[in-house]
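> Please see the structure below; I have some questions.
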């Protein structure tokens, strides 16, 4: 579900209560663990990006997306792009999630979350904190 909101607060305000709670909780988790340099923006969903002032021109003219949170029809998506460009990080993330006993509902880099009780906050925090911006930019250039 794309949003026309221009701020995170507007985005949260327009969501139904059940999705608002999940998005707000995930946002707090991401912001608390986001490495230095990434910026939060609002473009249809909450995005955590590398500013163009760091990367220069990209292939599509848009900032590199490190993570995102978006309310979808049947779930909230937490997009962890660093997992997509780092196989070891993805394996470690999946192992940490499995060790927590929580069921991981994930595509290539998108966790599908319906309720916060299915989330392993420690695994998500570790995945968010794992890749400094400079390392992500280098990995994305490959």
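The values are calculated or read from the model by the stated rules, or taken from the named source; none is laboratory data. What you are looking at is a predicted structure, and each value in this text was computed from that prediction instead of being measured. No Cβ is skipped: glycine too gets one built from the backbone with ideal geometry, and neighbour counts run over all protein chains shown.
> Can you tell me which residue in region 112-122 is nearest to residue 23 (Cα to Cα), limited to those that are in a helix (DSSP H, G or I) and in contact with a helix residue (DSSP H, G or I) (Cβ under 9 Å, 6 or more places away or on another chain)?
Residues of region 112-122 that are in a helix (DSSP H, G or I), as a first pass: 116-118, 121-122.
From what's left, in contact with a helix residue (DSSP H, G or I) (Cβ under 9 Å, 6 or more places away or on another chain): 116, 121-122.
Numbers: 116: 9, 121: 13, 122: 17 Å.
Checked region 112-122; the qualifying residue nearest to residue 23 (Cα to Cα) is 116.
> Follow-up. Between residues in region 82-106 that are free of Cβ contacts under 8 Å to residues at least 24 places away in the same chain and at negative phi and residues that are surrounded by fewer than 18 Cβ atoms within 10 Å (Cβ to Cβ) and part of a helix (DSSP H, G or I), which pairs lie under 6 Å by C-beta distance while being six or more apart or on different chains?
102/118
> Go through 125, 67 for me and flag whichever is modelled with pLDDT of 95 or more, surrounded by fewer than 18 Cβ atoms within 10 Å (Cβ to Cβ), in contact with a helix residue (DSSP H, G or I) (Cβ under 7 Å, 6 or more places away or on another chain) and closer than 24 Å to residue 19 by Cα. Before you say what the answer is, go through the steps one by one.
Working: 67 fails: surrounded by fewer than 18 Cβ atoms within 10 Å (Cβ to Cβ).
Residue meeting the stated conditions: 125.
> Starting from residues that are modelled with pLDDT of 95 or more and assigned to a loop (DSSP other than H, G, I, E, B), keep the ones in region 17-44 and report whichever is nearest to residue 114 (Cα to Cα).
Among those that are modelled with pLDDT of 95 or more and assigned to a loop (DSSP other than H, G, I, E, B), it is 34.
> Confirm whether residue 92 is within 24 Å of residue 117 (Cα to Cα), out of contact with any strand residue (DSSP E or B) (no Cβ under 8 Å at 6 or more places or on another chain) and surrounded by 14 or more Cβ atoms within 10 Å (Cβ to Cβ). Talk me through it step by step, then tell me what you get.
Details: within 24 Å of residue 117 (Cα to Cα): yes; out of contact with any strand residue (DSSP E or B) (no Cβ under 8 Å at 6 or more places or on another chain): yes; surrounded by 14 or more Cβ atoms within 10 Å (Cβ to Cβ): yes.
In short, yes.
> Which condition number does residue 77 fail, the rest of (1) surrounded by 15 or more Cβ atoms within 10 Å (Cβ to Cβ); (2) in contact with a helix residue (DSSP H, G or I) (Cβ under 9 Å, 6 or more places away or on another chain); (3) not in a helix (DSSP H, G or I) being met?
Against the list (1) surrounded by 15 or more Cβ atoms within 10 Å (Cβ to Cβ); (2) in contact with a helix residue (DSSP H, G or I) (Cβ under 9 Å, 6 or more places away or on another chain); (3) not in a helix (DSSP H, G or I), residue 77 comes up short only on (2).
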